[in-house]
Amino acid sequence: MDLKNILAYQSVDAKLFDLENELSQDQNKQKCNMLNQTAKSSQQKSSQLEEQAGQVLREMDELKKTMDVTIKKGEQLVSTQIETLSVDQLNEKLALKDKVNQNLTLLDKRLTKLAENINAILAEFNRTIKVYNSAKQDYQKFRAAYDKHLAEVQPKIDDVKKELEKLQKTVEPKIMQTYLAKRADKIFPVLVKLDGNTCGRCRMELSASAINKLKEDKILQCEHCHRIIYFD
Ligand SMILES: [Zn+2]
């Protein structure tokens, strides 16, 4: 197997690998990814808060209904003509009235607590929206900076890709396919030279029989780093 052409391909591909890395390591791009994440989690949080607020509001409605019923009960107790009642009946009525008043106080406390809850939720909601908006704004800024960098690098990438396309035609399809599959997995360099009796990349030592096989086939996949070790 002649490895000359695939090695020539790889040396040009190294330029593409560097350019791609330059873009993926771009600080503005990384900042954009981060801000995107922030915007997404703020969105999630705000819809959670909306749901929470809805629940509290429903609870408040229920509570108000209960309070109305309790207030009416109290009014009915008062409206009864007390002159017609015996002392026992009157005492019973007064005890009942106390009970209603106690219930009303408890309900009122609960309502206040719910109102506090809803205010806290709304405050948190406003904070979340602020975080979301500022993430969106910052994103635009960093995105513009990244786009500028991209506009510089993209023509270089296009040129290298054209060169690679030409070279690809000179390479044996089988090894090209293996190469491209590994390259797609972000393995680079794909082909590494045998160094003594170790993989030229990860330094894994090869057995004598593996080296014999390598010398025969010219290439062998490294069991450790999965690169293609070649011998020449
Ligand atoms: Zn290796």
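The values are calculated or read from the model by the stated rules, or taken from the named source; none is laboratory data. Remember, predicted model here, so these are calculated numbers, not experimental data. Ideal geometry is used to build each Cβ from the backbone, glycine not excepted, and the neighbour counts take in all protein chains shown. For accessibility, only protein heavy atoms count, side chains too; no ligands or nucleic acids. Shrake-Rupley method; radii C 1.70, N 1.55, O 1.52, S 1.80 Å.
Roughly what angle does helix 173-184 make with the longest principal axis of the chain, taking Cα atoms, 0 to 90 degrees, to the nearest 10?
The angle comes out at about 40 degrees.
Can you list residues from other chains, or at least 5 along the same chain, whose modelled amide H is less than 5 Å from the amide H of I229?
Amide H to amide H, under 5 Å and 5 or more residues apart or across chains, I229 pairs with V192, L220, Q221, C222.
Given Cα pairs under 8 Å that are at least 6 residues apart, what percent is the relative contact order of the chain?
Taking the mean separation of contacting Cα pairs over the length of the chain, I get 30 percent.
Convert each backbone phi in the stretch 48-58 into a coupling constant with the Karplus relation 6.51 cos²θ - 1.76 cosθ + 1.60 (shift: θ = phi - 60°), then list the ³J(HN,Hα) values in order as whole Hz, x for Gly and Pro.
4, 5, 4, 5, 4, 4, x, 4, 5, 5, 5
Whole-Hz Karplus ³J(HN,Hα) for the stretch 191-202, in order, using 6.51 cos²θ - 1.76 cosθ + 1.60 and θ = phi - 60°, x for Gly and Pro?
9, 10, 6, 5, 10, x, 10, 10, 5, x, 9, 9
For the chain, take the longest principal axis of its alpha carbons; what is the angle in degrees between that and the long axis of helix 87-168, to the nearest 10 within 0 to 90?
20 degrees
With all protein chains present, calculate the accessible area of H226 using a 1.4 Å probe and round the result to the nearest 10 Å².
Here the accessible area works out near 90 Å².
With unit charges on the beta carbons (Lys and Arg positive, Asp and Glu negative) and the dipole taken about the Cα centre of the chain, which residue among L96, L7, T70 sits farthest to the positive side?
Result: L7, furthest along the dipole toward the positive end.
At 0.36 nm per residue, and after removing the present C-alpha to C-alpha distance, how many nm does the segment from S134 to S207 gain when stretched out fully?
Stretched fully, the S134-S207 segment lengthens by 20.4 nm.
Take the residue pairs K15/K136; K174/K215; K15/K193; K166/K186; K15/K148; K45/K148 and return only those whose Cα atoms are more than 24 Å apart.
From the list (K15/K136; K174/K215; K15/K193; K166/K186; K15/K148; K45/K148), the Cα-Cα distance tops 24 Å for K15/K136; K45/K148.
Under a point-charge model restricted to the Cβ atoms of Lys and Arg (+1) and Asp and Glu (-1), what is the dipole moment magnitude of the chain relative to its Cα centre, in debye to the nearest 20?
440 debye
Once the dipole of the stretch 20-169 is set up with Lys and Arg at +1 and Asp and Glu at -1 on Cβ about the Cα centre, which of T128, A145, N117 lies farthest towards its positive end?
Checked the options; the winner is A145.
For the stretch 20-169, with every protein chain kept in place, what is the accessible area per residue (1.4 Å probe, Å²)?
73 Å²
Any chance you could give the angle, 0 to 90 degrees and rounded to 10, that helix 208-217 forms with the longest Cα principal axis of the chain?
That works out to roughly 70 degrees.
Which of these, Q168, Q81, Q177, has the largest mean-square fluctuation under a Gaussian network model of the chain (Cα springs below 10 Å)?
Q81
Under the rule of -39500 (n - 2.57) per DSSP H run of 4 or more residues, summed and divided by the residues of the chain, what mean residue ellipticity at 222 nm is obtained, to the nearest 500 deg cm²/dmol?
After summing the helix terms and dividing by residue count, I get -28000 deg cm²/dmol.
I need the phi-derived Karplus couplings for the stretch 7-19: 6.51 cos²θ - 1.76 cosθ + 1.60, θ = phi - 60°, integer Hz, Gly and Pro marked x.
5, 5, 4, 4, 5, 6, 4, 4, 5, 5, 4, 5, 5
Using a 1.4 Å probe on the protein heavy atoms, what percent of the accessible area of the chain belongs to carbon and sulfur?
Answer for the chain: carbon and sulfur cover 52 percent of the accessible area.
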